[in-house]
Structures are given as structure tokens and as C-alpha cells.
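K.L.:
Okay, here's the structure, questions in a sec.
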Amino acid sequence: TVKLTIDNKAVEVEKGTTIYKAAKKLGIDIPVLCYMDLHDLGIENKPAGCRICVVEVEGRRNLAPSCSTNCTEGLVVKTHTPRVINARRTVMELILSDHPKDCLICPKSGRCDLQDMAVKLGIRHIPGQEFAEMSTYRKDTSPAIIRDMDKCIMCRRCETMCNDFQTVGALSGVNRGFMSCVAPAFEQDLDKSPCTYCGQCVAVCPTGALTEVDHTPKVIRAIADPKKTVIVQTAPAVRVALGEEFGLKPGTLVTGKMTAALRQLGFDYVFDTDFGADLTIMEEGTEMLTRLGKFLEGDKDVKLPILTSCCPGWVTFFENNYPDMLDVPSTAKSPQQMFGAIAKSYFAEQLGKTREELVVVSVMPCLAKKYECQRDEFKVDGNPDVDFSISTRELAHLIKESNINFAEIAEEDFDRPMGESTGAAVIFGTTGGVIEAAVRTAYELQTGKKLERLDFTELRGLDGIRSATIDFNGLPVNIGIAHGLGNARKLLDSVRAGEVNFHAIEIMACPGGCIGGGGQPLHHGNIAIIKARQEAIYREDAGKPIRKSHENPYIIKLYEEFLGKPMSEKAHHLLHTAYFD
Ligand code: HC1
Ligand code: SF4
């Protein structure tokens, strides 16, 4: 260890600790802009680029960036001398001299780290902006994400998420000086790059440089159109995070408030993606057992492990990186898309409406869902099964702009039939949950026995890659789980190399699964927030009267009245898909 003093307080830290972290230990919060501590996810962003975190170190001529300067024995550090404060203000003024001043209409306004820092440092004037020209870039709008590089401050957080955590490599620093920014190779548009639309770059961007494509104006227009019946479905992970946008603690469950707010917004039917998740389990669980059965009979052509396919970021990553394995994932559509397909067929029939008269809106913790619902394979004669997908953040905006008092609103329940769901569906929202839900159903279908315990804690947690063997009444089923595309790549590479032997694998693109999605209230890589959301998911599951998908009475009815049985021809037509490279 080494001993030093910071602001006249003594502290002892491990060798190699940065001044920033040593100060944190003392409760001294040095301001940072580009720095991002994601060590729980195995990564850290410290390019020491912005220089906001500079401190004075006795005996050194230059100020030191505290995020990247290590503590040494006897160091005397001062974090807020006049010289330090002056330097921080100058740094801020320089950054702002090349930053647009359209804060009033910026999608990040009110949640922008740069704006907050300008407030904190009391910036009132930007020297030189009268004569200096700002660098400008072409705006890039993809199906899910908008890149507005005029607002990029080169913090490199997005690059760290995309390259180090997701291993997608869609973004890297380009150009020099004022024209430097982060972009796909050859400065192509995002939709020409290997981007998966996971949105993790958006989740950590400190400014308005990376934001989601806003679908809320289209949703408002649909609600206002008397000729349209507008149906909303809400993803499992939204209910454990939406409250954060209204000042509630991470992990507060707001299912009933969210439902009531959606009704007040004017949706005609407030349904639940969880219904789609229960349906996914019926189809995917049956597919898993069918493949497993054939494998046990010695069928050499059967593809195992079966991979979950409900995460669209993961599906795109898979299509881009594993074209030799396109027949391996489950063919089951995601719950979002199964919901849309059933809403525009079975439910439309019940209402006596055509699919064109219905508008299906999804509320998702995800930005890739915006892309998923636009994919051609999820359209009938050009009409999409899900018309618009809005993020948890966009829903919060809609609620705020409609003057709904979220804190006070009384809880309400979802509509039926497509608002009924089980605990198994809720846990889809966190890593390990899809496969746990599948096991709850597949076990009972395979063995004909009732499960004695529903909580498969061996499948839970936040380790990047996990595995467990579940005993199906004498048949050991090997299960693998990964969250984060970098972890997924490691796991899949070992499958491709024949080094591991799994029967089923669940993969989710985002940290913690959908609870850490790119459309959620920004997590900024804070694992404590993700943990709190995860605990809330399991609380919701534990409190549900029905916790196995095959016991959802409205799912049973759907098969009786409409689909026949899982993987029937009709189910196959409506609920399954194929993958393309
Ligand atoms: Fe997810 Fe899913 S769990 S993908 O993470 O399978 O987005 O929440 O809606 O479709 O159900 C997201 C969450 C979500 C789907 C389900
Ligand atoms: Fe990379 Fe995901 Fe951002 Fe695309 S959305 S650039 S894959 S981090």
C-alpha cells in the first residue's frame, strides 16, 4: 500500500490506485466527464482526454488528471485550489467553444453531463465563440439511433462500450483536432456498420451525440386518430426502471402505475409483452424438447445447443458473426413480435377489425426493438406486426408531457386477454430469466411431473458467463448463459470450437439483460442500479399467482381457440422466423 494526503486528509490505498479513486475513498468527489468506472463489467474508460478531473500535486509543475494518475508514497494532493478551479473552467470553455448551444431543443437536455458540468462550474461566457467557427458533421439517422457528432466531446465512452464490452467494433475515433469524432469505419452510416443497435453507446453517452430515434410523435398521432385502435404492450424490464425517471429508487416496481398512466395516455388496450413471453416459452420450450428428443434418439443432424432468440441485438450480432450457424438459434420470434403477430390476427378477429385498423405500440427497455419491428420478415403486405417501439425513457417523456402525476396515480391492472402473464414471463427481463422460464415449462412437459421448486437460483446472478446442469428427472440438461455481447462471443466461440457441451444457451446483449438495456433510464455503467432492477424482477415473479408459462389460462385458451398446439402449422406461420447473414 501507499500513504498520501488529499485535501489535508490522510489515506492509505493499494499501489496502483488512481488519485480519483483514493479521493473517492475519502468521500471527495472530483468532477469527471470522460471517465467512466465500469469495473463490475470488467471495463473502465479513462482516456484522460477531457482534463476536467485535474488536481494539484505538490512538487509537480503541471496539474495531473486524477483519473489516470496513480498514487505514490507521500503524495500531497489538493483537489480544489484556485489554480485547479481555473483550469477546469478553461477546459470547459474550450469544450463548449466547439459545442452547439441548442440545449433547449436537444434530446439530452436535462440529462446531459456536459450541461450539468457547465452549471457546476458556473460557466457564463464562452470566450472566442464570436469569431471561431464550429466543426459540423452530417447527422446520421439509423432505424434506432441518431448520431449527431456536432455534440461529440470525444470522451470515448461509446467506443469503450462498443469495442471492449460488446466487442462489436462499430465505433472508433476518426480525424484530428476539431474534426475528431467517433464514427463507424470510413465514416459510413451506422446502418452500414456491424452495429447491433444494442444502444449501450447511447446508455453511456454524456451528451446529445448519441440518442434514440424518437417515435413518440407517431404514437401521439395514432392515439389521436379516431379510425385507429391503439394497443400498447410493455416489456418485462420496463416496470422495474420507469420509476427512476420520476425520482423513485432503482428497483421500485411500478407495474400498476405504469398501466394506469398508459390508460390515461389514451391507449385503447393496455396489454403486456409478458403475454408474448409466455407464448415464446410454449414455442421455444417445445422446440428445445423436440431437438433434445431427436438428439437422444441419435439423430446426427439435430442442432444443439438451442440458442434463445428473443434479443434483437444478439440476433443481429449472431447473423453478422456466426453465418455458419444460422440454423442453431431457436426459430421462435421474440415476445415483442409474437405479441404483434397475435394482436393483428387473433385479437383483431375478436374485435372485428382489419390489421390496418390496429396500431401496436411496444414500450421496450431496448433500442434494437425499434429495428426489430421494422424488419421485413415481421410485416404482412408491408404492414408491420408492431408499428412503433418506444423506449422506457420515451414513455417517461410521454407521461411527463401529458401532465400525469405519476407519483400519485392509483395502480391499475392490464386488460385481458393479452395482459395476463406469469412469473416466468417477468423474469425474461433479466439475464438467466428466459432459460429459467423455459426450464419451468420444459421440465413439466418432458417429465410429466410437477416441479417441486420454481426458483432455479443456480441460473441467476450477474456473472458475465454462467453455466449449470439441471436434472430433468435423470436427464442432465446443460445450460449456458451470457450477457453482454463480448461474453456471448466468448461462449459461442467455445461452442463453435467444440470445447463445451451445452444443450441450451441464453444470450442477452445488454449488461444484466433487458434491465440494463439501451432504452432504460441511463445506467452509466452503474452495476448497483442494475442489481436493484434485477431484485425487483424476482420480487415481481415471486408475487405472481401463476409462475409457469404453460399455466397461463389465456395462453391455454389461445391454443384451444386459434393456434392448435405449440409448433402447429399455424403457430409456425405466425410465431417462428428464420435468420439471415
Ligand atoms: Fe426484453 Fe423480451 S425480455 S427481449 O429483454 O424476450 O427489450 O424487458 O421485451 O421481446 O418479453 C427487451 C425486456 C422484452 C422481448 C420479452
Ligand atoms: Fe456499438 Fe451497440 Fe452502439 Fe451499435 S448500438 S454502435 S453495437 S454500442
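K.L.:
How much length would be gained if the chain were fully extended between L94 and Q374, taking 0.36 nm per residue of separation minus their Cα-Cα distance, in nm to one decimal?
P.N.:
96.7 nm
K.L.:
If you don't mind, another one. Can you compute the charge dipole magnitude of the chain about its Cα centre, using +1 on each Lys and Arg Cβ and -1 on each Asp and Glu Cβ, nothing else charged? Give it in debye, rounded to the nearest 20.
P.N.:
Magnitude of the dipole: close to 1700 debye.
K.L.:
About the Cα centre, and with charges only on the beta carbon of Lys, Arg (+1) and Asp, Glu (-1), how big is the dipole of the range 419-525? Nearest 20 debye, please.
P.N.:
Taking the Cα centre of the range 419-525 as origin, the dipole is about 120 debye.
K.L.:
What list of ³J(HN,Hα) couplings, whole Hz, do you get for the range 336-352 from phi and the Karplus terms 6.51, -1.76, 1.60, once you set θ to phi - 60° and write x for glycine and proline?
P.N.:
So the Karplus estimates, Gly and Pro as x, are 4, 6, 4, 4, x, 5, 6, 4, 8, 10, 4, 6, 4, 4, 4, 7, x Hz.
K.L.:
Compute for the chain: radius of gyration divided by Kirkwood radius, i.e. Rg/Rh, restricted to C-alpha atoms, rounded to two decimals.
P.N.:
Using Cα coordinates only, the ratio equals 1.00.
K.L.:
Another one. What percent do you get for the relative contact order of the range 2-120 when only Cα pairs under 8 Å and 6+ apart count?
P.N.:
27 percent.
K.L.:
Still on this structure: Just want the answer: with Cβ charges of +1 for Lys and Arg and -1 for Asp and Glu, which residue in A437, G486, N473 is farthest toward the dipole's positive end in the range 418-523?
P.N.:
The listed residue farthest towards the positive side: G486.
K.L.:
For a bin width of 5 Å, list the pair-distance distribution of the range 82-186 built from all Cα-Cα distances, rounded to whole %.
P.N.:
2, 10, 19, 22, 20, 14, 8, 3, 1, 0
K.L.:
Using a 10 Å cut-off around each Cβ, can you sort R88, R375, R138, R547 from fewest to most neighbouring Cβ atoms?
P.N.:
Lowest count first: R138, R375, R547, R88.
K.L.:
Where in the chain is the longest stretch that carries no chymotrypsin sites (Phe, Trp or Tyr not before Pro) classed as loop by DSSP and with at most 12 other Cβ atoms within 10 Å?
P.N.:
132-579
K.L.:
To the nearest 20 debye, what charge dipole does the range 2-120 have about its Cα centre, counting +1 at the Cβ of each Lys and Arg and -1 at the Cβ of each Asp and Glu?
P.N.:
The calculated dipole for the range 2-120 is roughly 260 debye.
K.L.:
Right, next: Do any trypsin sites (Lys or Arg not before Pro) in the range 408-469 lie in a loop, going by DSSP, with at most 15 other beta-carbon atoms within 10 Å of their beta carbon, and if so which?
P.N.:
Passing sites in the range 408-469 are K449, K450, R453.
K.L.:
Using modelled amide H (1.01 Å from N, peptide plane; none on Pro or chain starts), what sits under 5 Å from the amide H of H576, excluding residues fewer than 5 places away?
P.N.:
Under 5 Å from the amide H of H576: K333.
K.L.:
With θ taken as phi - 60° and the coefficients 6.51, -1.76 and 1.60, list the Karplus ³J(HN,Hα) couplings across the range 108-123 in order, rounded to whole Hz; mark glycine and proline as x.
P.N.:
3J(HN,Hα) across the range 108-123, in whole Hz: 9, 3, x, 10, 9, 5, 5, 4, 4, 5, 4, 5, 4, 8, x, 6.
K.L.:
Hey, got a sec? Which GluC sites (Glu not before Pro) in the range 35-104 land in a DSSP loop and have at most 16 other Cβ atoms within 10 Å?
P.N.:
Hits after loop and neighbour filter: E58, E73.
K.L.:
Evaluate the distance, in nm, between pseudo-label points positioned 7 Å from the Cα of D191 and of R539 along their respective Cα→Cβ axes.
P.N.:
The answer from the label model is 4.1 nm.
K.L.:
Turning to a different aspect of this structure: How long are the semi-axes of the equivalent ellipsoid of the range 2-120, taking √(5λ) for every eigenvalue λ of the Cα gyration tensor, in whole Å from largest down?
P.N.:
The equivalent ellipsoid of the range 2-120 has semi-axes of 28, 17, 11 Å.
K.L.:
Related question: How many angstrom lie between the C-alpha centres of the range 363-426 and the range 1-74?
P.N.:
Taking the Cα centre of each part, the range 363-426 and the range 1-74 sit 42 Å apart.
K.L.:
Right, next: For a quick check: with amide H placed at 1.01 Å from N, whose amide H comes under 5 Å from V359's, ignoring anything fewer than 5 positions away on the same chain?
P.N.:
Long-range HN contacts for V359: T229, V230, I231.
K.L.:
Tell me, what is the percent relative contact order of the chain, built from C-alpha pairs under 8 Å that lie six or more residues apart?
P.N.:
16 percent
K.L.:
If we count other beta carbons within 10 Å of each Cβ, what is the order of R393, R355, R496, R61, fewest first?
P.N.:
R61, R496, R355, R393
K.L.:
Given H placed on each backbone N at 1.01 Å, which residues far from A509 in sequence or on other chains put an amide H within less than 5 Å of it?
P.N.:
When sequence neighbours closer than 5 places are left aside, the close amide H contacts are W314, G484.
K.L.:
Shifting gears a bit: Calculate the tail of P(r) for the range 335-482: the fraction of all Cα-Cα distances greater than 22 Å, expressed in %.
P.N.:
Summing the P(r) of the range 335-482 above 22 Å gives 58 percent of all pairs.
K.L.:
Ranking S421, S568, S309 by Cβ neighbours within 10 Å, fewest first, what do you get?
P.N.:
So the ranking, lowest neighbour count to highest, is S568, S309, S421.
K.L.:
Give the distance, in whole Å, between the Cα centre of the range 195-267 and the Cα centre of the range 473-538.
P.N.:
Centre-to-centre (Cα) distance: 23 Å.
K.L.:
So what are the ³J(HN,Hα) numbers for the range 430-441, from phi and the Karplus equation (6.51, -1.76, 1.60; θ = phi - 60°), rounded to whole Hz, Gly and Pro as x?
P.N.:
10, 3, x, x, 5, 6, 5, 4, 5, 5, 4, 7
K.L.:
Put +1 on the Cβ of every Lys and Arg and -1 on every Asp and Glu Cβ in the chain; which of V182, G512, V359 then has its Cα farthest towards the positive end of the dipole?
P.N.:
Of the listed residues, the answer is V182.
K.L.:
Name the GluC sites (Glu not before Pro) in the range 457-553 that are in a loop by DSSP and that have at most 12 other C-beta atoms within 10 Å, would you?
P.N.:
E499
Every number here is computed from the coordinates shown, using simple stated rules; none is lab data. Since this is a predicted model, take the numbers as computed values, not measurements. Note that we place each Cβ from the backbone using ideal geometry, even for glycine, and neighbour counts take in every protein chain shown.
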